[in-house]
1. Is the C-alpha gyration tensor of the range B:100-212 telling us rounded, prolate or oblate? Criteria: a/c under 1.5 is rounded; beyond that, a/b larger than b/c is prolate, otherwise oblate.
2. Find how many whole Å separate the alpha carbon centroid of the range A:98-155 from the alpha carbon centroid of the range B:115-132.
3. So, in Å, what gap is there between the alpha-carbon centers of the range A:45-95 and the range A:189-258?
4. Using a Förster distance of 45 angstrom, determine the FRET efficiency expected from the C-beta separation of A:Ile61 and B:Asp163, and round it to 0.05.
5. Looking only at other chains, what is the average number of their beta-carbon atoms within 10 angstrom of each beta-carbon in B:178-189?
6. Would you mind ranking A:Met151, A:Met193 by Cβ crowding within 10 Å, fewest neighbours first?
7. Length gain on complete extension for the stretch B:Ser8 to B:Arg62, per 0.36 nm per residue less the alpha carbon to alpha carbon distance?
8. Based on other C-beta atoms within 10 Å, arrange B:Asp136, B:Asp196 from fewest to most.
Amino acid sequence: MTTTRMPVVKKTSEGCPRRNADAAQESSSPVIAAFKVFQQELDTKHDKHERLVKISRDVTIESKRTIFLLHRVTSVPNADNILKEAEVKLDAVRQKIGQIAEELRGEDIFQFHRAFTAGIQEYVEAVSFLHYIRDRSLISLEEINASLVFMRAEKVEPTGLAEAPQTGGQVLTFQVTPSDYLLGIADLTGELMRMCISSVGNGDIDTPFQLSQFLRQIHDGFSFIGNTGPYEVSKKLHTLRQSLGKVEDACYALRVRGSEIPKHMLADVFSSRTTLPEPEEGIV
Amino acid sequence: MSVTEMFSYIQGFLSADQDVREDIRKVVQGLEQTAREILTLLQSVHQPAGFKEIPSKSAKARELFCSVRTQLGELKTKFPVEQYYRFHEHWRFVLQRLAFLAAFVVYLETETLVVREEVAKILGIEVQREKGFHLDVEDYLAGVLIMASELSRLAVNSVTAGDYTRPLRISNFINELDSGFRLLNLKNDPLRKRYDGLKYDVKKIEEVVYDLSIRGLAKEAGDQAQ
């Protein structure tokens, strides 16, 4: 459009202004033509947003299922199978994130961030949970992003040749933002707290102490960041403090009463933060 | 990387982010000030005496837009160009305001709807995101809707000032605008809520036109409502 103005179509007929405006619409005035363009632009943007929301929902669901799966490591003798299965699941999630990266190709990722932030946070939670179980350490943002690199064929006509990926291949990446990473790790602490309680119930008295130390470090990290982070962090900090408290109480109880309470009763001891039963007399 | 190191890194990132936002806020404050000056200038057209001064006022407004162009030029330098939407919230309000003011100036000059490209030119920014700091289509539309409210007020005040033909022209204009907006598939977002206000502007102007026509006050040929 090179003109700077869009003349209102002059009415020659009588009738109310509304009817004349409809006539203008039928004759496709410049104003209407412009709005048709806006309609297309907005529709395209909304459609992309919706597609991203759908993919993000899948990412969330599969990540949550992986987390449920990983909780089982405390109750089975051989954790390796679970870890392998979880790795397979997370590979599938990564493929979904690849689809997100595909949709975002050429776009400003922040324009659509709200569509996929929930899924990405859930993925961070799952992948960092798996990493902790295997490594007893915190996965770094760099490590997460390093595994979110995808090979895609270029958007050209298919050549049908086997070596096409080498000549026409393109590297697509998805970068988790520090903010999403932070929020995912905040959620991780809740899962770690659950793992602590269930490991005590299963007679594992080493894990709680390791977890306590780890959680404390994470909590201190969040305290360091304070409210300079995204505002959701401040909300999650409250939950984090509760989780840390539960874990520290569990360690305290283990230390104080671990020798006198049978293992199968230890879990009951930690079911509530405020109530601790009286020690039973004469129990070995 | 230990937990402490990781959080240290994140803190560094967040701190840098805050610094950028502080810089942006300062420039946006300047823009808001200029926008207020332009608004004050243009508001005076609602006065009975103001109608005659429309050409000089819009010329003066155009001069003030020079400052806007400079300030937006400065804003562009405060962040990486490909992260427009990361910081968009900081200037969304003032940009919509400026779009409204540009549209209002053009309306006062020509009684037509300014196109998005012209608004971008007045502000010294792009229309397409790929080309640089741009005017988002939703911000342009929000500015147009703000202008619609201003015009419903102008219709009322032009009658008070004795101009009985302007409201009819405003009425045609707003109704065509309304037809345009009805083509859009809006989601339940701020733009939709703002658009919901347009029907009240339409109604208000219709009432003005009605008041004029039943009293036989609007006698211009071809603009008669009845």
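Here, each number is a calculation from the coordinates, and none is a lab measurement. Note that the structure is predicted; figures quoted are calculated from it, not measured. All Cβ positions, glycine included, derive from the backbone under ideal geometry; neighbour counts span all protein chains shown.
1. It comes out oblate by the Cα gyration axes.
2. 33 Å
3. Here the answer is 23 Å between Cα centres.
4. The formula returns an efficiency of 0.10 here.
5. Working: counts 2, 10, 13, 3, 3, 10, 8, 4, 3, 5, 0, 1.
Taking all residues of B:178-189 together, the mean is 5.
6. A:Met151, A:Met193
7. Gain on extension, B:Ser8 to B:Arg62, equals 14.6 nm.
8. Working: B:Asp136 21, B:Asp196 11.
Going from sparsest to densest Cβ surroundings: B:Asp196, B:Asp136.
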